[in-house]
């Protein structure tokens with residue numbers, strides 16, 4: 001199956017899945033489950049491309065494995081976090097309920113459909129790799145895989161450090177500044193972005209691979225300007241106040257760096 005047909009099939013399927021998910025989320029009264037589905041969807045998308053694509057089988061298997069491991073790790077991490085707080089909803093969605101109160105149902109349904117479309121759009125790196133017939137891996141693909149390994153390890157470490165900090169009752173209400181969080185207010189976001197950079201680097205070895213730049217560019221914009229750092233920090237200020245403001249003054253927002261004195 002060629003690339004446009006694969007992408008069209010994936011988009012139709014995911015829009016249907018996310019429409020059903022919207023109904024489930026509405027019944028649960030917890031729209032935060034869309035984050036779980038969005039994360040898991042990339043693994044499913046890459047597996048679909050790997051199974052139906054016409055490219056070299058080893059390349060298809062490698063990119064699908066990279067996507068599946070990352071997708072499963074992030075999705076499971078979010079599942080534990082979201083369902084661990086259910087029925088309390090993530091603060092970002094509580095805020096969206098307030099912002100969209102006049103037309104919540106329609107806007108939230110549209111939001112879920114946008115999530116489905118974003119999976120296909122961001123997953124173009126998987127697509128171009130899975131239709132590449134070249135019967136050997138190129139240096140860029142080895143470089144992308146190596147960067148992916150560093151990035152997913154960093155993201156997993158950041159998540160583990162934050163979880164350990166929160167488990168300690170003595171830290172209730174405090175700001176996590178331990179481990180990687182001493183050098184970045186959002187090390188998990190930084191390494192998440194690096195994962196998308198690694199997919200882009202990997203895709204550059206394939207024809208039309210440059211179009212996958214949309215992945216790291218879009219994720220960077222979302223993290224820095226939309227649903228990532230801005231919404232997370234607004235919630236942190238609401239819950240931790242001046243303690244978090246002091247943390248902002250001393251610690252890099254994104255790229256890990258030495259804290260200010």
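FYI, it's all coordinate maths here, none of it is from the lab. Bear in mind the structure is a predicted one, so any value in this text is a computation, not a measurement. Cβ placement follows ideal geometry from the backbone for every residue including glycine, while neighbour counts extend to all protein chains displayed.
Modelled spin-label separation between residue 52 and residue 255, with each label point placed 7 Å from Cα along the Cα-to-Cβ direction: 4.0 nm. In a fully extended conformation the segment linking residue 20 and residue 157 would gain 46.0 nm over its present Cα-Cα distance, using 0.36 nm per residue. Projected onto planes of every orientation and averaged, the convex hull of the alpha-carbon atoms in segment 137-261 covers 8.3 nm². For a modelled paramagnetic label at residue 9, 7 Å from Cα along Cα-to-Cβ, the residues of segment 54-68 in reach, with backbone nitrogen under 17 Å, are 54-57, 60-61, 64. Once you reduce segment 210-261 and segment 97-167 to the center of their Cα atoms, the two points are 17 Å from each other. Diagonalising the gyration tensor over the Cα atoms of segment 62-146 and scaling each eigenvalue by 5 before taking the square root yields semi-axes of 36, 17, 9 Å, largest first.
For segment 1-145, the relative contact order is 40 percent, taking Cα pairs closer than 8 Å that sit 6 or more residues apart in sequence and dividing their mean separation by the residue count.
Top mean-square fluctuation among 177, 35, 99, Gaussian network model of the chain, C-alpha springs under 10 Å? Among 177, 35, 99, the largest mean-square fluctuation in the Gaussian network model of the chain belongs to 99.
Taking the number of Cβ atoms within 10 Å of each Cβ as an exposure proxy, the fewest-first ranking of 48, 15, 130 is 15, 48, 130. Each of residue 85 and residue 140 was given a label point 7 Å from its Cα along the Cα-to-Cβ line. The distance between the two points is 3.9 nm.
The relative contact order of the chain, computed from alpha carbon pairs under 8 Å that lie at least 6 residues apart in sequence, is 21 percent. Computed over the chain, the alpha-carbon pair-distance distribution with 5 angstrom bins reads 1, 6, 11, 16, 18, 16, 13, 10, 6, 3, 1, 0, each value a whole percent.
Across 169, 216, 139, mean-square fluctuation computed from a Gaussian network of the chain (C-alpha pairs under 10 Å connected) peaks at 169.
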